[in-house]
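Data block below; observations after.
The values are calculated or read from the model by the stated rules, or taken from the named source; none is laboratory data. The shown structure was predicted, so the numbers you read here are calculated from the model rather than taken from an experiment. All Cβ positions, glycine included, derive from the backbone under ideal geometry; neighbour counts span all protein chains shown.
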Amino acid sequence: GENVEQHPSTLSVQEGDSAVIKCTYSDSASNYFPWYKQELGKRPQLIIDIRSNVGEKKDQRIAVTLNKTAKHFSLHITETQPEDSAVYFCAASIYNQGGKLIFGQGTELSVKP
Amino acid sequence: GAVVSQHPSRVICKSGTSVKIECRSLDFQATTMFWYRQFPKQSLMLMATSNEGSKATYEQGVEKDKFLINHASLTLSTLTVTSAHPEDSSFYICSAPGTGATLGYGYTFGSGTRLTVV
């Protein structure tokens, strides 16, 4: 089955700097890659997602890149703000075949003012 | 947008008792529901997949007799933790593939259930 590896587990940046979180997946059939932000005790909140037919997607300060050949995808946050501090998860699924969503291990991002 | 209502949000039960968690899709039909467990400072681990009208599919290492899943209708899936023990204390959350941010892709999550077994 699918296995998603996420790095780093913790990331500390200064306010205004960029943050990059990387994930690799094992199943080449995976075609949907969402990123979630989760606050303690809350449901994951989708921040951006990308499908396998696209290499890059951007939404304001957040961007995701996908390299299907290498089976890895990354989250880029620019101009970080203290409110970006949270735990971020990447995930992967074969959406049109039952869609089990498999999560990475998570990254705790801390943005210092 | 799509909403999955999950109840209860918090439950405390005594060791050896059973607890039922419900997830209802409010404005769409969820033929599939995924159930996850999340321990503190860890990721969401998929426990099982429920499909309306058929038996649930459990992930490797998940005891099907302990975590009973029922998906009796297109809008309701339930997870029952039987004979709960303190090690079952965790955050349980359901998710349905449904209308999401990207043209119908995406997953809708319930709000989660914090289970504490004492």
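What's the total number of residues in the stretch B:7-63 that are among the basic types (Lys, Arg), in contact (Cβ under 8 Å) with a residue 12 or more places away in the chain and farther than 13 Å from B:Leu115 by Cβ? Let's see the steps before the verdict.
Taking the stretch B:7-63 as the starting set, the residues that turn out to be among the basic types (Lys, Arg) are B:10, B:14, B:20, B:24, B:37, B:41, B:55.
Remaining after also requiring in contact (Cβ under 8 Å) with a residue 12 or more places away in the chain: B:10, B:14, B:20, B:24, B:37.
Then keep just the ones that are farther than 13 Å from B:Leu115 by Cβ; that gives B:24.
Result for the stretch B:7-63: 1.
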Out of contact with any Pro (no Cβ under 6 Å at 6 or more places or on another chain) and within 11 Å of chain A (Cβ to nearest Cβ) - does that describe any residue in the stretch B:9-18? yes
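Each row is one residue, and each column tells you yes or no for (1) touching a Pro at 6+ places or on another chain (Cβ under 7 Å); (2) farther than 22 Å from A:Ala29 by Cβ; (3) facing chain B (nearest Cβ under 8 Å); (4) assigned to a loop (DSSP other than H, G, I, E, B).
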site: A:Ile50; (1), (2), (3), (4): no, no, no, no
site: A:Lys58; (1), (2), (3), (4): no, yes, no, no
site: A:Thr65; (1), (2), (3), (4): no, no, no, no
site: A:Thr80; (1), (2), (3), (4): no, yes, no, yes
site: A:Asn96; (1), (2), (3), (4): no, no, no, no
site: A:Lys100; (1), (2), (3), (4): no, no, yes, yes
site: A:Gln105; (1), (2), (3), (4): no, no, yes, yes
Could you tell me which of the residues A:Gly99, A:Gly16 is within 27 Å of B:Ser9 (Cα to Cα) and of a type in the set (Gly, Ala, Ser)? A:Gly99
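With the structure loaded, tell me whether B:Ser43 is within 9 Å of chain A (Cβ to nearest Cβ), buried (at least 17 other Cβ atoms within 10 Å of the Cβ) and either part of a loop (DSSP other than H, G, I, E, B) or touching an Asp or Glu at 6+ places or on another chain (Cβ under 6 Å) (or both) or whether it fails that test.
Details: within 9 Å of chain A (Cβ to nearest Cβ): yes; buried (at least 17 other Cβ atoms within 10 Å of the Cβ): yes; either part of a loop (DSSP other than H, G, I, E, B) or touching an Asp or Glu at 6+ places or on another chain (Cβ under 6 Å) (or both): yes.
Judged against the criteria, B:Ser43 is a match.
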Determine whether B:Ser111 is at the interface with chain A (Cβ under 9 Å from one of its Cβ atoms), at pLDDT 95 or above and part of a loop (DSSP other than H, G, I, E, B). yes
Those residues that are of a type in the set (Gly, Ala, Ser) and at positive phi, I need them from the stretch A:29-85; list them, please. A:Gly41
Quickly run through the stretch B:70-87 and pick out the residues that are touching an Asp or Glu at 6+ places or on another chain (Cβ under 9 Å) and not polar (S, T, N, Q). B:His71, B:Ala72, B:Leu74, B:Leu76, B:Leu79, B:Val81
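Take A:Ser52 and tell me if it is within 29 Å of B:Ala2 (Cα to Cα), out of contact with any Cys (no Cβ under 8 Å at 6 or more places or on another chain), of a type outside the set (Val, Ile, Thr) and surrounded by 14 or more Cβ atoms within 10 Å (Cβ to Cβ). If you could, list the steps in order and put the result at the bottom.
On the way: within 29 Å of B:Ala2 (Cα to Cα): yes; out of contact with any Cys (no Cβ under 8 Å at 6 or more places or on another chain): yes; of a type outside the set (Val, Ile, Thr): yes; surrounded by 14 or more Cβ atoms within 10 Å (Cβ to Cβ): yes.
Judged against the criteria, A:Ser52 is a match.
Residues checked against (1) more than 30 Å from B:Ala56 (Cβ to Cβ); (2) at pLDDT 95 or above; (3) of a type in the set (Asp, Glu); (4) over 15 Å from the mean Cα position of the chain (by Cα):
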residue: A:Val20; (1), (2), (3), (4): yes, yes, no, no
residue: A:Trp35; (1), (2), (3), (4): no, yes, no, no
residue: A:Ser52; (1), (2), (3), (4): no, no, no, no
residue: A:Ser74; (1), (2), (3), (4): yes, yes, no, no
residue: A:Gln97; (1), (2), (3), (4): no, no, no, yes
residue: A:Glu108; (1), (2), (3), (4): yes, yes, yes, no
Are any of the residues in the stretch B:67-87 surrounded by fewer than 17 Cβ atoms within 10 Å (Cβ to Cβ) and within 30 Å of A:His7 (Cβ to Cβ)? yes
Subset of the stretch B:9-28 [out of contact with any Lys or Arg (no Cβ under 8 Å at 6 or more places or on another chain), at pLDDT 95 or above and in a loop (DSSP other than H, G, I, E, B)]: B:Lys14, B:Ser15, B:Gly16, B:Thr17, B:Ser18
Within the stretch A:4-42, considering residues that are closer than 11 Å to A:Gln105 by Cα and part of a loop (DSSP other than H, G, I, E, B), the one nearest to the other protein chains (Cβ to nearest Cβ): A:Ser9
